[in-house]
1. If the viscosity is 0.692 mPa s and the temperature 37 °C, what translational diffusion coefficient in µm²/s does Stokes-Einstein give for the range 114-190 when Rh comes from Kirkwood over Cα pairs?
2. Just round it to a whole percent: the fraction of Cα-Cα distances in the range 59-194 exceeding 21 Å.
3. For the range 1-79 and the range 139-157, write down the distance between their C-alpha centroids in whole Å.
4. So how far apart, in nm, are the two label points at residue 90 and residue 70 if each is 7 Å from Cα heading toward Cβ?
5. Could you put 284, 193, 94, 225 in order of accessible surface area, largest first, with the 1.4 Å probe and the full protein assembly present?
6. Mean-square fluctuation check for the chain, GNM, Cα pairs under 10 Å: which of 270, 298, 112 is largest?
7. Averaging sequence separations of C-alpha pairs under 8 Å and six or more residues apart, then dividing by the length of the chain, give the relative contact order as a whole percent.
8. Could you give P(r) for the range 1-114, binned at 10 Å from zero, as whole percent values over all Cα-Cα pairs?
Amino acid sequence: MAKKDLLSIYDLTVEEISVLLEEAFKLKSEKKYLDVFKGKTLGMIFEKPSTRTRVSFTVAMIQLGGAPIALNPENLQRKRGESIHDTAVVLSSYLNGLVIRAFKHSDTEEFAKYSTIPVINALSDYEHPCQVVADIMTVMELHKIKTIKALREIKIVYTGDSNNVANSLLAMAAVLGLNFTLISPEQCLPKKYVRDKASEYALASGAEIKITSDIAEAEGADVIYTDVWLSMGCETEKKDRKKVFVPYQVNAGLLRKASPGCIVLHCLPAVRGEEITAEIIDKYEYSIFTQAENRLHAQKAILMRFLV
Ligand code: CP
Ligand code: NVA
């Protein structure tokens, strides 16, 4: 089978996402340690910190019988200027897959271009696809939804910065045909090409997508999702923007506008008191920690589909 990369949610079809979800649920319920990756290796380059993604990929690989190899960017010759081309060609001759968390999305694309093994985006400045596979799994699990068709009936709201996580949620909604509202301050709305791509896919899938700066649009939400106001890599550059996010905080007032039974999601790590109050994150810890646990099951399903 030819190698396939996972750099963006747009790399997946509805059918592929359905299979990933089905497999992830199976792996979660059976809690089986399989031997499918015996003798296989997964390289992992993390240019930024990571707890969930790094550990869940490591554990997923071990539990499936393979070997994860942490490739600290500080110790790679890339640090001394070796090209992505040469690094990708050489690593392809040793490994069965490469997971990359990169500052620049274009670097993940360049790795994918020159690698003959699959490259999986473990977060870039543009997308976080592995995260949102686990997120959709969590929404289905906690709202007891069995099919993508039924998933289309619920209202998913993201409030906060239009960052990598928001871009991937938007892409997931556009591909699957979901009811998704993205709420961000005026100056933080998604870039035009991000919106255009989502609109193009939404046209085909029938997704009901609303992108707005009006927090009142959270009314009736079945899922409220948020993420940090300052993502890794733009902490200093965007520090002054924090105050514009205040009306977009997930707090008790916002939850009063939501549907009864609304769940709260956060990809974590969170900054209590900024994008979400301590009261709400603690009250909804079950959904948020289930979401974090589901990274492991989703990651396994992703590896089973992509690793060569
Ligand atoms: N949500 C997430 O990707 O967490 P980490 O940064 O800890 O991997
Ligand atoms: N948007 C956040 C997600 C962290 C998992 C960041 O990029 O820092």
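The values are calculated or read from the model by the stated rules, or taken from the named source; none is laboratory data. Note that the coordinates shown come from a computational prediction; the quantities given were computed from them, not determined experimentally. Positions of Cβ are generated from backbone atoms using ideal geometry, with glycine treated the same way; all protein chains shown enter the neighbour counts. Note: accessible area is taken over every heavy atom of the protein model, side chains too, but ligands, DNA and RNA are not part of it. Shrake-Rupley method; radii C 1.70, N 1.55, O 1.52, S 1.80 Å.
1. 243
2. In whole percent, the share of Cα-Cα pairs in the range 59-194 beyond 21 Å is 53.
3. 25
4. According to this spin-label approximation, the distance is 2.1 nm.
5. 94, 193, 284, 225
6. Residue with maximal mean-square fluctuation among 270, 298, 112: 270.
7. Worked out over the chain, it gives 21 percent.
8. Percent of pairs per bin, in order: 12, 40, 38, 10, 1.
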